[in-house]
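Single-structure report; data block below.
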Amino acid sequence: MEREPIGVVGVGWVGLVTAACFAELGHEVWARDIVPEKVESLSRGEVPIHEPGLPELVTKNAERLHFTTEMGDLLERAGLLFVCVDTPPTYSGDADLSRVEAVIRELGDSDEHALVMKSTVPVGTGRGVQRRRDGLGYVSNPEFLKEGSAVDDFMRPDRVVVGADEHSAAYADRVEALYEPLGGEIVRTDVASAEMIKLASNAFLATKISFINEIANVSEELGADVLEVARGMGLDDRIGPRFLQPGVGFGGSCFPKDVQALKQLAGNSGYHFQLLTAVIEVNELQKRRTISKLQKHLGPLPGKEIALLGVAFKPNTDDVREATSLVLAGRLAGEGANVRVYDPIVGDKAEHMLAGAHIAESALDAVDGADAVVLVTEWPEFAELDWTGEVKERMRVPLVVDGRNFLDREALVDAGFTYEGIGR
Ligand code: UGA
């Protein structure tokens, strides 16, 4: 059977995962990016982001994966164009749709193509596009990929959402067919509902995190252990155990942006989304609490040496967008502390965003002479450090703020560390 050729517009993280996975499923894929250097290096098989399994897929399917700077290459060969361009937040919190608009302009007046929108866009975007361009097909197909496990999430989806209105039904059928081999449940719906499913899913998960962070904070006051609480709550299958890990706040390119966007969208329509206002505020406060914990033990911070372990917003990625580490580095520098950071993958890529922090060569280098260590990202290698031996010997003050409840608290306390977790 001849497989449907695919066009992918925008080869960032979502676009590259989408392109590589469709190629793995046997499709010819034409993927277009406007940055020539990126297209050149991808054509040589070099993958510019850290995403487990992705370089292997790109190499394995090199014959079916074509990278180009020319939109014409896609228009000539593919009917379905998966739009994977950035929709970053503007100052007001609305999504910036200029890149999506640029793609629509490039399509001219084609009646033989459908935009398959993977980029996260405000509810109503699809309707607006179709009102202006009624010959163009439009399918909303939001992505639910997690950085660090994106290939697996694509290949084994919980669900696939396909939103289309009447006149694009045939295109939506073709999109559905692409995902059929993957086995996830297909949610066929209208465009606005599909757009809302994406924003509501991220907003709900963020709400779950802010909720457990508040339970953690109250547990600290009342003497409960949030890990026990989350375990007990999570076994109720109406609640579920996932996204109940308290920490130093959620980051990344999606949750902060999408929660803000949904709140803003509601506001623009005249509805004040109270819950999301609180979710955002709790997340900001959560970052600040780390500083208070350091001050509780060290007093004023001027001149104190603070080591931050982890810069990426979560493990298995080199993404630092909206990472808590950046906020902490800035606030600590503002308090007069000297900050050193170490991340196994990010390296010095984020140096300009770390408020003058020293980029250490290794975790041990970072903790050398430190008055406190703050664990920001739960990279496995941080659990494997020789905490009770070499780390303790190197630190000036054996104080650990474990921002992810990731380390062996008992072992650290037994070895004489002062240990501060989250909600314990
Ligand atoms: C998130 C969603 O999980 C994906 O389904 C969605 O497709 C994606 O956004 C997107 O919209 O593109 P991602 O941002 O890659 O994925 O990362 P998550 O694993 O969801 O983590 C987000 C943040 O929440 C991280 O900072 C993480 O440390 C934090 N988190 C997560 C917690 O603090 N506690 C938890 O229990 C889970």
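Taken together, the values in this text are just the output of simple stated rules run on the coordinates, not laboratory data. Remember, predicted model here, so these are calculated numbers, not experimental data. Don't worry about glycine lacking a Cβ; one is built from the backbone with ideal geometry, like all the others, and counts go over all protein chains shown.
Side notes on the structure shown:
- GluC sites (Glu not before Pro) lying in DSSP loop within the stretch 76-162, provided at most 10 other Cβ fall within 10 Å: GLU112
- Loop-located chymotrypsin sites (Phe, Trp or Tyr not before Pro) in the stretch 1-100 (DSSP state other than H, G, I, E, B) with a sparse environment of at most 15 neighbouring Cβ atoms within 10 Å: TYR91.
- Note on the stretch 107-148: the alpha carbon radius of gyration divided by the globular reference 2.2 N^0.38 Å gives 1.31.
- Taking 7 Å steps out from each Cα toward its Cβ at ALA169 and ASP414 produces label points 6.7 nm apart.
- Distant alpha-carbon pairs in the stretch 310-373 (separation over 13 angstrom), percent: 58 percent
- Computed per residue of the chain from DSSP H runs no shorter than four, each worth -39500 (n - 2.57), the mean residue ellipticity at 222 nm is -12500 deg cm²/dmol.
- Just so you know, the averaged projected area of the alpha carbon convex hull for the chain sits at 21.6 nm².
- Whole-number D in µm²/s for the stretch 193-311 (Stokes-Einstein; Kirkwood sum over Cα pairs; 25 °C, 0.890 mPa s): 153 µm²/s
- In this structure, the pairs whose alpha-carbon distance is over 27 Å, taken from LYS146/LYS296; LYS146/LYS287; LYS60/LYS198, are LYS146/LYS296; LYS60/LYS198.
- Beta bridges per DSSP, both residues in the chain: antiparallel share near 5 percent.
- Förster radius 22 Å - calculated FRET efficiency between LEU298 and ASP225 (Cβ-Cβ, nearest 0.05): 0.35
- Packing-based order for 353-359, 302-308, using average beta carbon neighbours within 10 Å, highest first: 302-308, 353-359
- Highest-fluctuation residue, GLN264, GLN286, GLN295 considered, GNM on the chain with Cα pairs under 10 Å: GLN295
- Overall, the anisotropy analysis places the stretch 151-203 in the oblate class: the square-rooted eigenvalues a ≥ b ≥ c of its C-alpha gyration tensor yield a/c not less than 1.5, with a/b not exceeding b/c.
- For ASP96, nonlocal amide neighbours, meaning residues 5 or more places apart or on other chains whose placed amide H falls under 5 Å from its own, are THR90.
- Considering only Cα atoms, the convex hull volume of the stretch 17-115 works out to 119 Å³ per residue.
- Prolate/oblate/rounded call for the stretch 6-189, Cα gyration tensor, a/c under 1.5 rounded: rounded
- Projected label distance in nm at SER201 and ARG238, using a 7 Å step from Cα toward the beta-carbon: 2.3 nm
- Dimensions in Å of the stretch 107-190 - Rg and Dmax from alpha carbons: 13.4, 38
- Taking the three principal axes of the alpha carbon atoms in the stretch 285-347, the coordinate ranges are 34, 23, 17 Å, sorted in descending order.
- Three-way shape label, the stretch 100-239, alpha-carbon gyration tensor, a/c 1.5: prolate
- FRET efficiency for VAL187 and LEU275, using Cβ-Cβ distance with R0 set to 35 Å, rounded to 0.05: 0.90
- Relative frequency of Cα-Cα separations exceeding 29 Å in the stretch 266-424, percent: 17 percent
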